[in-house]
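**Q** The structure under discussion is supplied below as structure tokens; questions concerning it will follow.
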Amino acid sequence: MAGNRLHRSGSVFSRMRNLLRIGVVEKPLWFDVYAAFPPRREPVYKVPRPRYGKVQDVIRAIFYPEDEVRARFYRVYGSGPRPFDLSQSNYKSTCQRFVEKYNELKQEGKIEEEKLFEETGKALLAGGILLPRRGTDKVAPQDHHDAETRDSASHLRLQTVLEEMQEKKDQEGQTPEPALKQKENPLS
């Protein structure tokens with residue numbers, strides 16, 4: 001009966017009536033009741049008609065206010081270097097912490113809407129949570145002067161680090177030239 005398609009031809013009653021006529025099955029209890037009180041419309045299998053055109057989705061998309069914050073967070077900061085740890089029931093992702101802090105700062109009402117995203121990132125950074133930017137999307141436009149001062153400050157820090165490394169090498173008595181000679185001729 002695995003490949004039988006008889007359920008598509010006729011109703012259950014007509015198929016059972018034919019099986020009773022040839023004596024294959026015994027009369028079921030419901031047969032006489034069905035014969036005495038037949039339904040108004042015979043329950044026959046009908047092939048469903050194919051739908052043409054665009055099928056409209058009856059389920060509306062559900063968006064919460066924090067979904068916009070989450071989308072912006074992932075666009076700016078990415079999903080992070082580590083996967084979510086779902087084995088712990090009390091685990092909160094960096095994004096969830098960001099959303100909670102965002103809502104907390106929004107309820108306080110001290111910060112403007114435009115600066116709220118940046119301030120939330122700064123507050124989490126102050127709390128010890130690092131948020132490395134992806135580098136593709138800037139949240140707030142920066143002044144040219146601010147960028148210059150930041151670049152010059154990082155250049156100065158890099159310069160001091162390089163000077164300290166040079167002083168350490170001088171104290172050890174190694175100069176960069178002998179090191180180069182050793183690399184050029186490793187057999188001597």
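The values are calculated or read from the model by the stated rules, or taken from the named source; none is laboratory data. Please read these numbers as outputs of a predicted model, since none were measured by experiment. Heads up, the Cβs are rebuilt from the backbone with ideal geometry, glycines too, and the neighbour counts pull from every protein chain shown. For accessibility, only protein heavy atoms count, side chains too; no ligands or nucleic acids. Shrake-Rupley method; radii C 1.70, N 1.55, O 1.52, S 1.80 Å.
**Q** Within the set of pairs 6 or more residues apart or between chains, which connect a residue that is under 20 Å from Glu118 (Cβ atoms) inside region 62-85 to a residue that is among the basic types (Lys, Arg) and open to solvent by 50 Å² or more (accessible area, probe 1.4 Å) with Cβ atoms less than 7 Å apart?
**A** Sorted first by the residue in region 62-85, then by its partner, the pairs are Val76/Arg133; Val76/Arg134; Tyr77/Arg133; Tyr77/Arg134; Gly78/Arg134.
**Q** Between a residue in region 88-101 that is open to solvent by 50 Å² or more (accessible area, probe 1.4 Å) and any residue that is among the basic types (Lys, Arg) and not in a helix (DSSP H, G or I), which pairs come within a Cβ distance under 8 Å, given they are 6 or more apart or on different chains?
**A** Glu100/Lys92
**Q** Among the residues of region 54-77, is there at least one that is open to solvent by less than 70 Å² (accessible area, probe 1.4 Å), part of a loop (DSSP other than H, G, I, E, B) and either over 27 Å from Lys122 (Cα atoms) or modelled with pLDDT of 75 or more (or both)?
**A** no
**Q** Name every residue in region 113-130 that is assigned to a helix (DSSP H, G or I), open to solvent by less than 90 Å² (accessible area, probe 1.4 Å) and out of contact with any helix residue (DSSP H, G or I) (no Cβ under 8 Å at 6 or more places or on another chain), in order of residue number. Working first, answer last.
**A** Our first condition is that a residue be assigned to a helix (DSSP H, G or I); within region 113-130, this holds for 113-126.
Now narrow it down to the ones that are open to solvent by less than 90 Å² (accessible area, probe 1.4 Å): 116-121, 123-124.
Hit for region 113-130 is Glu118, nothing else.
**Q** Answer with yes or no whether Gly23 is touching a Lys or Arg at 6+ places or on another chain (Cβ under 7 Å) and either open to solvent by less than 80 Å² (accessible area, probe 1.4 Å) or of a type in the set (S, T, N, Q) (or both). Full working, then the answer.
**A** Numbers: touching a Lys or Arg at 6+ places or on another chain (Cβ under 7 Å): no; either open to solvent by less than 80 Å² (accessible area, probe 1.4 Å) or of a type in the set (S, T, N, Q) (or both): yes.
No.
**Q** Restricting to region 78-96, and then to whatever is within 15 Å of Pro132 (Cβ to Cβ) and part of a helix (DSSP H, G or I), can you tell me which residue is farthest from the chain's Cα centre (by Cα)?
**A** Going through the qualifying residues, I end up with Thr94.
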